[in-house]
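The structure appears right after this line, and notes come after that.
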Amino acid sequence: MILCCGEALIDMIPEPTLTGAEGFVPHCGGAVLNTAVALGRLGVASGLFTALSEDMFGQQLAAHLRASNVDLSFVAHSSRPSTLAFVTLVRGQANYSFMDENSAGRMLDLSDLPTVPNDVSTLFFGGISLAVEPGAETYATLLEREHHGRVVMLDPNIREKFIPDQNRYRARLKGMLAKTDILKVSDEDLDWMLPDARPYSEKIAQLMEQGPGVVVMTRGADGVIGVLSDGSEIHVAAEVVEVADTVGAGDTFNAGFLTTLNENGYLDAQTFSKLGPDALRQALEFASKVAAITVSRKGANPPWAQDVMN
């Protein structure tokens, strides 16, 4: 099983009302929830560690997860409100305004930490859940406690305006990187983490010195680059599709990447180090394919396995 650890929230997506004014429709979202859902839809055993509110939105999130075959046994339940993310779209690119103060997810506590069984081979962390406390420290503690003998993937999916204390956030990321096997960043994430004018290859090499054995950098329409510990670079072009919006694209990419590694036996602490250029390319190509399906749809709506085969 792949255990995804991080936020589940409601994306309020703009839609025209019957009067012509713009309203907002609640869609299930959150970077880590989206990855768990995409994994479940692609046929991979996945679970989610997060906190879900008992409010109407929390119930919507739980139903969405169950419908996508995500194991909810790791979920902490809370009477606090759900996080809402109001989305505005500018030329198909999503911008977010969050309502998160005192939310169920943000207030996730050390007492909520689950028992992680041995059949969890992989831990996935990411999203805004790593930026706000106390929840962020709870996820970092889980990684510290459970990373031994498991493959770890991290996608910080950095939202700068959502980070209340950049120094603490950077320190947390550095600590988590030391226990990470796969780091996924966008080109914008990379420039935020290392804000100097060096070539991306030098920045990636510096991050790999901190822990990850594989770094994947997405570049939107310019495709994706995967780098192995020996310096090998794999470049994969972006799929050409008509873009509805980019909500959930990177999250679905993560799921596609992990799905291929899982099918080929690399999500095992003993075999991960044997990942080579051909296997990395295959994973990047499948990840790009499933992400392209998501961007062709409104909202975070990852494909099912049968959608990918068609």
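The values are calculated or read from the model by the stated rules, or taken from the named source; none is laboratory data. In this text the structure is predicted, and so the values were computed from the model without any measurement. Please note: Cβ atoms are built from the backbone with ideal geometry, for glycine as well, and neighbour counts cover all protein chains shown. To get the accessible areas, we keep the full protein, side chains included, count just its heavy atoms, and leave off ligands, DNA and RNA. Shrake-Rupley method; radii C 1.70, N 1.55, O 1.52, S 1.80 Å.
Here are a few things to note about the model shown:
- Checked against (1) touching a Pro at 6+ places or on another chain (Cβ under 9 Å); (2) part of a helix (DSSP H, G or I), A292 passes all but a single condition, namely (1).
- Only one entry in K179, K184, K203 is in contact with a strand residue (DSSP E or B) (Cβ under 8 Å, 6 or more places away or on another chain) and more than 17 Å from Y139 (Cα to Cα), namely K184.
- Tally, over the stretch 32-68, of residues that are in a helix (DSSP H, G or I) and in contact with a strand residue (DSSP E or B) (Cβ under 7 Å, 6 or more places away or on another chain): 14
- Boolean, L142 is in contact with a Cys (Cβ under 7 Å, 6 or more places away or on another chain), within 25 Å of L267 (Cα to Cα) and of a type in the set (A, V, I, L, M): yes
- Per-region count, the stretch 99-132, residues open to solvent by less than 50 Å² (accessible area, probe 1.4 Å), touching a residue at least 40 places away in the same chain (Cβ under 8 Å) and aliphatic (A, V, I, L, M): 7
- For the condition of a type in the set (V, I, T) and not in a loop (DSSP other than H, G, I, E, B), T115 does not qualify.
- Filter result for the condition that a residue is surrounded by fewer than 16 Cβ atoms within 10 Å (Cβ to Cβ) and aliphatic (A, V, I, L, M), over A292, A269, A287: A269
- Meets criteria (open to solvent by less than 10 Å² (accessible area, probe 1.4 Å), part of a strand (DSSP E or B) and in contact with a Pro (Cβ under 6 Å, 6 or more places away or on another chain)) for L183: yes
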